[in-house]
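Notes follow the structure.
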Amino acid sequence: MAGVLYIHFWNPNPVMEGIRVALFFVISGYLITRMLLAARGRATWRTVRNFYGRRLLRLQPALLLMLAVATAFNAEHIRSTLPWHVFQLSNFLFIVRDSWDPWVTTHLWSLNVVEQFYAFWPLIILFLPLRAVWVAALLMIVAAVVYEMSSFANSDTTGIARTVFPVASFDAIGFGVIIALIEACKPNALRFAASSWVGLAALGVLLSPLVLGREFLPFQVYEFVILLALTAIIAGASVGYEGILKWILECPPLRYLGKISYGVYIYHFLILYLLFQVVPGDLIRDPGPMRFLIASTMTILAASVSWHFMEAPIARNKRFLPVAASGGAARSSRS
């Protein structure tokens, strides 16, 4: 979320622009696969129904509230495209239009990709042999690489499609899936990833453009290297870091920001639009530290109110929609 706010409020073209989205996809692939693996062997169609019910309870309230407020103000003429956003198809709208309009919904494309991944992944995890799940994860990565190399993804007229077409992000999601599969099949195999040396090496890869420049590797190669580094970091987190890194990541303020991070993501562009209507002059018109400070503060406040008074109370109903039994359900309760 820090990356999202920094890029959208302060610096639209940072050197390490792609990391935040790739990290979101790796984590999403890992968490959802981990939840579903806990239900394997006893899954029924009720399990599938409950999975989608839980996703709706967690994701839809904040999204629908944001869209309702944006529609009330007709922010950037959103009313004419509202069905695309309600039905998680904003990314395809941007492809069809070859435009990021309306910009208050630009960020929804990454949520759309994950929701479109949900459309088929539970069926693969719950009802196919584990070997087929491994094959599906590898095929996702291969499909993304092939797509990135295709003429369609690299044509001058489809720059948006290269980013928001679902297959383009399947490699990051696939790496997250593989972490969960390894954790389930051979948990001790991931212990090396929690080593401080592995973490430092991965962090060095992520920060390398700051030292070596943006063009030290071909862009597509660097994107793939980023995924390997992020995969190592998430694998380490799945085992559990120790020392000062554990203390930092588990400190209460960061844990709280993690709770409200979905609201921060959903509301931040709408908050910026509303601020444009009320803040006088050019104080926040241009990206920079003042916009970042004001808009981030208001976004975090809005996300906090949303979490305590809407999202958390609604999400408590997930207990009526178990996906995994006993211990598995407990491990997945925050997903």
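Computed from label points 7 Å out along Cα-Cβ, the spacing between ASN74 and PHE320 is 3.8 nm. Rounded to the nearest 20, the size of the Cβ-charge dipole of the chain about its Cα centre is 1600 debye, with Lys and Arg at +1 and Asp and Glu at -1.
Tell me, in nm to one decimal, what length is gained between SER150 and LEU254 on full extension, where the rule is 0.36 nm per residue of separation less the Cα-Cα distance? Here the answer is 33.4 nm.
With θ taken as phi - 60° and the Karplus curve 6.51 cos²θ - 1.76 cosθ + 1.60 applied, the whole-hertz 3J(HN,Hα) list for the stretch 64-70 is 5, 5, 4, 5, 5, 5, 4 Hz, x standing for glycine and proline.
In the chain, the DSSP-assigned H stretches of four residues or longer account for a calculated mean residue ellipticity at 222 nm of -21500 deg cm²/dmol, using -39500 (n - 2.57) per stretch and the full residue count as denominator.
Taking chymotrypsin sites (Phe, Trp or Tyr not before Pro) across the stretch 206-291, the ones in a DSSP loop with at most 16 further Cβ atoms lying within 10 angstrom of their Cβ are PHE216. In terms of the mean number of neighbouring beta-carbon atoms within 10 Å, the peptides 11-19, 63-71, 295-303 order highest first as 295-303, 63-71, 11-19.
Annotation: extensible slack from SER196 through LEU228 equals 9.9 nm (criterion: 0.36 nm per residue apart, minus Cα-Cα distance).
Give the label of the value calculated from the structure for log10 I(q)/I(0) by the Debye sum over Cα atoms at q = 0.08, 0.13 Å⁻¹, choosing from (1) -0.39, -1.13; (2) -0.38, -0.98; (3) -0.49, -1.05. Checking each listed value against the structure points to (1).
The trypsin sites (Lys or Arg not before Pro) of the stretch 63-160 include none that meets both criteria, a DSSP state outside H, G, I, E and B (loop) and at most 14 other C-beta atoms within 10 angstrom of the site's C-beta. Here the peptides 29-40, 50-61, 186-197 are ranked by packing, the mean other Cβ count within 10 Å, and the order with the highest first is 29-40, 50-61, 186-197.
From most to least packed by mean Cβ count within 10 Å, the peptides 305-316, 169-180 give 169-180, 305-316.
Applying 0.36 nm per residue to the separation of TYR118 and LEU301 and subtracting their alpha-carbon distance, the gain on full extension is 62.9 nm.
FYI, it's all coordinate maths here, none of it is from the lab. Remember, predicted model here, so these are calculated numbers, not experimental data. Counting neighbours? That spans all protein chains shown, and the Cβs are built from the backbone with ideal geometry, glycine included.
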